[in-house]
Amino acid sequence: MDIIASHQAVKFAREWTTSGKGPLLLEFVTYRYGGHSMSDPGTTYRTREEIQRMRSTQDPIKGLQKYLEEWGVASEEDLKVHYLVSVVLSIMLITRSRLSIRQPRPKLMSPSRRLRLLQNQRLKIFGPTSTSRVPSHRS
């Protein structure tokens, strides 16, 4: 799960196919660290050691971090600071946009008004048929 190798493979495949040389199939091998659902911890069919080994040796984000550190682009501390700053800025932007946009208050609708709206929607969808009347809630 190497981000740089994946990028190079996609770049090659794009050049290959757009130059008219024909189709090309790319296979990406992935690994699911967690289970398939909330009720599946993922340790029923594999050991915790396997998951930890895959996480420590095959994690694409950690692999990219290693490249950036080896190439002298950023240190581990630089990446942590950059991550924290981006998280804080994202939170600030989200909060600011939510505060600046006034949300209209939802209008309370009476049951008879809601019934009329449902009947109108059903008429628009199905047309005037004998079964288009929505039963009254007072029946």
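The values are calculated or read from the model by the stated rules, or taken from the named source; none is laboratory data. The model shown is predicted, which means the values in this text are computed figures rather than measured ones. Counting neighbours? That spans all protein chains shown, and the Cβs are built from the backbone with ideal geometry, glycine included. SASA here: full protein model, heavy atoms, side chains in, ligands and nucleic acids out. Shrake-Rupley method; radii C 1.70, N 1.55, O 1.52, S 1.80 Å.
Once the other residues with Cβ under 15 Å from the Cβ of ARG46 are scored (Lys, Arg +1; Asp, Glu -1), what is the net sum?
Every neighbour counted, the sum reads +1.
Around GLY63, with a cut-off of 15 angstrom between Cβ atoms, what is the net charge of the other residues, counting Lys and Arg +1 and Asp and Glu -1?
Result for the local shell: -1.
Please report, to two decimal places, log10 I(q)/I(0) for region 1-80 at q = 0.20, 0.25, 0.26 Å⁻¹ as given by the Debye formula with identical point scatterers on the Cα atoms and no solvent.
Here the Debye-derived log intensity ratios amount to -0.95, -1.10, -1.14.
Heavy-atom accessible area per residue, region 1-96, 1.4 Å probe: how many Å²?
83 Å²
Return the sequence-ordered ³J(HN,Hα) values of region 37-44 in whole Hz as given by the Karplus equation 6.51 cos²θ - 1.76 cosθ + 1.60 applied to θ = phi - 60°, using x for Gly and Pro.
Karplus values, whole Hz, x for Gly and Pro: 7, 5, 7, 10, x, x, 9, 6.
Can you give the FRET efficiency to the nearest 0.05 for LEU79 and THR17, using r as the Cβ-Cβ distance and R₀ = 41 Å?
It comes out at approximately 0.75.
Which net charge results for the neighbourhood of GLN8, defined as the other residues with beta-carbon distances under 14 angstrom from its beta-carbon, given Lys and Arg at +1 and Asp and Glu at -1?
Around GLN8, the surrounding residues sum to 0.
If each residue of separation counts as 0.36 nm, what is the full-extension length gain between ILE91 and ARG116 once their alpha-carbon separation is subtracted?
That works out to 4.8 nm of additional length.
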